[in-house]
1. For segment 146-182, name all the residues that are closer than 21 Å to Asp258 by Cβ, within 16 Å of ligand 1 (Cβ to nearest atom) and hydrophobic (A, V, I, L, M, F, W, C).
2. Just a yes or no: is a residue in segment 129-137 farther than 26 Å from Ser67 by Cα and either more than 16 Å from ligand 1 (Cβ to nearest atom) or not in a loop (DSSP other than H, G, I, E, B) (or both)?
3. Quick check: anything in segment 243-251 within 22 Å of the chain's Cα centre (by Cα), in a strand (DSSP E or B) and without any contact (Cβ under 8 Å) to a residue 24 or more places away in the chain?
4. Among Pro271, Pro235, Pro288, which is at negative phi, outside any strand (DSSP E or B) and modelled with pLDDT of 95 or more?
5. Any chance segment 107-123 includes a residue that's modelled with pLDDT under 95 and either part of a helix (DSSP H, G or I) or away from ligand 2 (no atom under 13 Å from the Cβ) (or both)?
6. Only residues that are within 13 Å of ligand 2 (Cβ to nearest atom) and part of a loop (DSSP other than H, G, I, E, B): list them for segment 48-63, please.
7. Among what's in segment 160-191 and is modelled with pLDDT under 95 and charged (D, E, K, R), pick the residue that is nearest to the chain's Cα centre (by Cα).
Amino acid sequence: MERKQWLGMGMGLLAVAPLLAIVPAAARDGDGPAIPPVASLSDGVWMKGDLHLHSRHSKESTNNPESKIIGFAEKTGFDFLAITDHDNHVLGDVAHHTWADPEFKSDKVVLLYGAEWTTDRGHGNVFSAVPYDHQRLFDVRDARDARILAVKKSLGIHLSANHPIGKDHFGFSYDIVDSIEVWNSAMAAKNRPAIMVWDDMMRSGRKLTGRGGSDAHHGTPDTPDKTSKGSAERPYNYVGTPTTWVFATARTRKAVVDALTNGRVSISANPYDPRVELTADLDQDGRPDMMMGDNVKSTGKAVTFQVRLAGSMEAANAYKIHVVRNGEDFGTYEATGANPVVTFTDTPELAKRAYYRVEVEGPQNPYPEVPNSMKLSGTMVALSNPVFFNFDPNF
Ligand SMILES: [Zn+2]
Ligand SMILES: [Zn+2]
């Protein structure tokens with residue numbers, strides 16, 4: 001049903017695509033793998049996953065076997081996972097630990113190759129569709145950023161800034177990354193400074209994808225977390241707190257990484273919460289021409305933006321849709337009923353950078369498999385990536 005609707009939107013896009021000045025986003029130095037052109041919106045599937053998880057291969061984690069994490073994700077209906085163990089715990093040799101583990105396999109869940117690059121200047125996650133030589137990235141962790149960027153590009157990986165504020169803050173240039181972890185763990189409220197950094201980077205012209213990651217280290221829902229202050233409680237933070245959604249062209253590792261690089265991404269507090277989708281109609285024909293992550297040249301004409309909440313929600317639920325334009329409040333709209341849609345209109349200035357993104361506040365849907373997450377999740381239900389105007393990929 002949902003897929004069909006997107007197919008329909010894509011057909012509309014195909015019809016108008018030649019008229020739009022689409023700006024390809026692949027040329028900027030910091031970019032990872034090649035990004036499919038916007039015409040790939042003609043087909044796609046929403047996939048949900050977690051992009052920051054630790055298994056027993058990270059020393060400060062509970063002895064959490066990969067099979068437990070993957071088994072939970074399969075049972076709970078996740079589509080992709082990145083198990084990102086600390087590289088310094090295995091002396092850089094991630095490939096012979098996390099990926100070589102016989103438990104690193106699934107018929108149902110797309111498993112990305114990745115690791116947490118753990119350095120004295122902060123942490124970053126690597127995501128890759130194929131195995132890569134992680135040792136090379138580990139070896140240049142103290143090098144100047146330009147050298148790190150060259151190694152990153154030669155490896156063809158997606159590099160992402162982790163928990164950018166506070167302990168282990170990301171102390172590198174944001175020109176070497178493709179995305180930023182704007183929502184780390186079930187504690188949505190503590191991520192406000194990370195969102196501020198994201199906005200600052202975008203306001204200064206960096207087209208960065210915002211993504212989530214639970215960073216879960218401890219316990220499994222059926223194994224009480226005994227490592228955390230002697231608590232015998234179940235974990236507060238586990239797979240999917242938060243859940244990152246990607247709009248991928250196929251259910252493959254490459255398509256997931258490409259969607260992530262391109263910014264076709266939104267984040268929900270848990271896998272059962274509504275997913276927020278942001279699109280824009282550039283020619284007032286009632287059909288969306290671009291979605292989150294897309295970047296076009298403005299025409300000086302009014303653009304109609306559409307915000308849609310997808311998934312299950314109580315009809316009586318009321319959500320607040322906060323629209324952020326270029327890092328500043330643009331307006332707040334109420335949304336109620338099942339799968340509510342909110343529209344707003346604005347005219348992006350000619351030749352001036354602009355971006356629009358939304359945050360959704362409201363009641364959380366329960367996450368029965370990780371019930372304790374509800375104690376921390378607050379009112380932030382979902383977060384979109386922006387739609388962009390006049391961002392220069394060669395900037
Ligand atoms: Zn970290
Ligand atoms: Zn971590």
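The values are calculated or read from the model by the stated rules, or taken from the named source; none is laboratory data. Here the structure is a predicted model, which is why all the values come from computation and not from measurement. All Cβ positions, even for glycine, are placed from backbone atoms using ideal geometry, and neighbour counts span all protein chains on display.
1. Leu159, Ala161, Val177, Ile180, Val182
2. Start the filter on segment 129-137 by keeping residues that are farther than 26 Å from Ser67 by Cα, which leaves 136-137.
If we keep only those that are either more than 16 Å from ligand 1 (Cβ to nearest atom) or not in a loop (DSSP other than H, G, I, E, B) (or both) as well, we get 136-137.
Looking through segment 129-137, at least one residue is farther than 26 Å from Ser67 by Cα and either more than 16 Å from ligand 1 (Cβ to nearest atom) or not in a loop (DSSP other than H, G, I, E, B) (or both).
3. The first filter runs over segment 243-251 and keeps only residues within 22 Å of the chain's Cα centre (by Cα), leaving 243-251.
Now drop any that are not in a strand (DSSP E or B), which leaves 243-248.
In the following step, the residues that additionally are without any contact (Cβ under 8 Å) to a residue 24 or more places away in the chain were identified as none.
No.
4. Numbers: Pro235 fails: modelled with pLDDT of 95 or more; Pro288 fails: modelled with pLDDT of 95 or more.
On inspection, the qualifying residue turns out to be Pro271.
5. Filtering segment 107-123 for residues modelled with pLDDT under 95 gives none.
Looking through segment 107-123, none of the residues is modelled with pLDDT under 95 and either part of a helix (DSSP H, G or I) or away from ligand 2 (no atom under 13 Å from the Cβ) (or both).
6. Kept after step one, since they are within 13 Å of ligand 2 (Cβ to nearest atom), are these residues of segment 48-63: 50-55, 57-61.
Passing the criteria: His54, Ser55, His57, Ser58, Lys59, Glu60, Ser61.
7. Lys190
Each row is one residue, and each column tells you yes or no for (1) loosely packed, with under 14 Cβ neighbours inside 10 Å; (2) of a type in the set (Phe, Trp, Tyr); (3) under 27 Å from Ala73 (Cα atoms); (4) at pLDDT 95 or above.
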| residue | (1), (2), (3), (4) |
| --- | --- |
| Thr332 | yes, no, no, yes |
| Tyr356 | no, yes, no, yes |
| Val370 | no, no, yes, no |
| Ser373 | no, no, yes, no |
